[in-house]
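Working notes, structure below.
The values are calculated or read from the model by the stated rules, or taken from the named source; none is laboratory data. Since the structure is predicted, the reported quantities are computational estimates derived from the model, not experimental observations. Neighbour counts are summed over all protein chains in view; Cβ atoms, including those assigned to glycine, are modelled from backbone coordinates with ideal geometry.
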Amino acid sequence: MELQKRISGRAVHIGDEEYESIRHSMAWNALKPDRRPELIVQVASDQDVVETVNFARENKMKIAVRGGGHSWCGSSIRDGGILLDLSRLNAVEVDPEKRVAIVQPVVTNREFARKLAEHDLAFPFGHCPSVPISGYVLGGGLGWNIGLWGVACFSLLALDVVTADGKLVRASEDENSELLWAARGSGPGFFGVATKYYLRVYPLPKAITTSMLMFLLDNLPEVLTWVEEVAGKLPPFVELTLLFTSAPPPLADQCKQVCIVVATAFADTAHMASDALSPFESCPLENYVMRDLNAGTPFDVLFDTINSLFPEGKRYAVDNIWSHAQLATVLSTLRDQFIKAPSPHTLALSLILPPQLANGLQMPDAAFSMIAPIYVDCSAIWDDASQDKPNIDWIRSTIQALEPMGVGHYVGEADLPAHPSRSARSFKQLNWERLEELRKKYDPAGVFHSYLGSE
């Protein structure tokens, strides 16, 4: 094969013996897309990426880029063309004095956190520990401590990119700034291959602390009244989330589903954390069924908690909305849908953003532009392939029910094939139009796939 002679990595053709097992490994989700690229290219260097892009352009083949394969809808797995797999590019360098990290695409959130912790530094890591930096940052990045550190892509200072013409360039505010603009939020529709990310990092909070109250889902109305009151009082360094999930075993005889209210403080001292989380201690609602206050939760503990909610080996269908509507209106509608979920593993979460972030006041101009006070993310999770249809139907009917209250979607977690407009509705209109203009400018021949479901 001509390409294999040009790269130090591996090129696997659709007819090769190992092709099918490698194709399956390209998606973390056990619900594998029924799509087959002609070539899967596992690159080992930046030069391999350059050669692969040149080969694709010369042979009029389209490229889809895979970081860690955590796209729920399998964006990198397309019919025909080349799947360019970056999974061997996983190095990290940290400059603690400049507070900058240079990160290759498939370094995971947990790996990055541990490396930065050696220097008492941190980053708005994604919540899921096994997700790599690549797709997470490119998609925007709704990570830990978002209220203080902001959306992760705005900590992207520069990146090395192989463009559609096969050139390796640096994109920053000072050079190739249009590529940096696009890389901050375009996600799986980025028209290049990012091989290094230059990221601003932050002092590691010394007292990461979490308080949690669990209620029966039947008590949701009064819980939401309290949450709306509390949300406006929390400082930006407190992350507030509501989670709908099945009741844990000790409560299974009392109810089927619960609502968990969780607040995590990324504070400098234990006193600062406990003071910020004091509304949980003084909560006037006495009908909680479980409570845990001021628990120390360093990043490894936070990651383990999220891992338990999203176990590997399950089948997933995921989608989301942003909303400006009243919290009670949105989550009451969500509750009405959640009680119909066909799988007990399914969960739904709502992230409540601080006003200064939710209104876009802290955001530079970039592709990432869709944001609102409430982010709702629904995950249908199940085991058996025979249950694919009811679970996929449930996620789509749930988002459809929420759509009248929504203003758009987060591209990094969106069910892109659900509707041709899903990708466009993940950006404000002017930002979407500019993104598509830049695509035509930097990739006029369409070497790189656009968004799944939009082509």
Here are SER397, SER421: which of them is modelled with pLDDT under 95, in the same structural domain as LEU331 (by TED's automatic domain parsing) and out of contact with any Gly (no Cβ under 8 Å at 6 or more places or on another chain)? SER421
With the structure loaded, tell me whether ALA295 is on the phi < 0 side of the Ramachandran plot and either surrounded by 21 or more Cβ atoms within 10 Å (Cβ to Cβ) or not in a helix (DSSP H, G or I) (or both) or whether it fails that test. yes
Given the criteria in contact with a Lys or Arg (Cβ under 8 Å, 6 or more places away or on another chain) and of a type in the set (A, V, I, L, M), does MET370 qualify? yes
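Filter the range 248-268 for residues that are surrounded by fewer than 18 Cβ atoms within 10 Å (Cβ to Cβ) and touching a helix residue (DSSP H, G or I) at 6+ places or on another chain (Cβ under 9 Å) and give the result.
At the first step, the residues of the range 248-268 found to be surrounded by fewer than 18 Cβ atoms within 10 Å (Cβ to Cβ) are 248-256, 268.
Correct list: CYS255, LYS256.
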Within the range 373-392, count every residue that is surrounded by fewer than 19 Cβ atoms within 10 Å (Cβ to Cβ) and small (Gly, Ala, Ser). 2
In the range 362-377, what residues are at pLDDT below 95, more than 27 Å from LEU243 (Cβ to Cβ) and not acidic (Asp, Glu)? PRO364
Looking at (1) within 23 Å of LEU452 (Cα to Cα); (2) part of a loop (DSSP other than H, G, I, E, B); (3) modelled with pLDDT of 95 or more; (4) not hydroxyl-bearing (Ser, Thr, Tyr), which is the only condition ILE40 fails? (2)
Based on this model, can you work out whether HIS409 counts as modelled with pLDDT under 95, closer than 20 Å to GLY74 by Cβ and in the same structural domain as THR245 (by TED's automatic domain parsing)? no
Among (1) in contact with a strand residue (DSSP E or B) (Cβ under 8 Å, 6 or more places away or on another chain); (2) within 30 Å of ARG200 (Cα to Cα) - the single one GLY69 does not satisfy: (1)
Among the residues of the range 75-106 satisfying the criterion of being buried (at least 23 other Cβ atoms within 10 Å of the Cβ) and in a loop (DSSP other than H, G, I, E, B), which is farthest from the chain's Cα centre (by Cα)? LEU89
Confirm whether ASP16 is surrounded by fewer than 18 Cβ atoms within 10 Å (Cβ to Cβ) and over 19 Å from GLU455 (Cβ atoms). yes
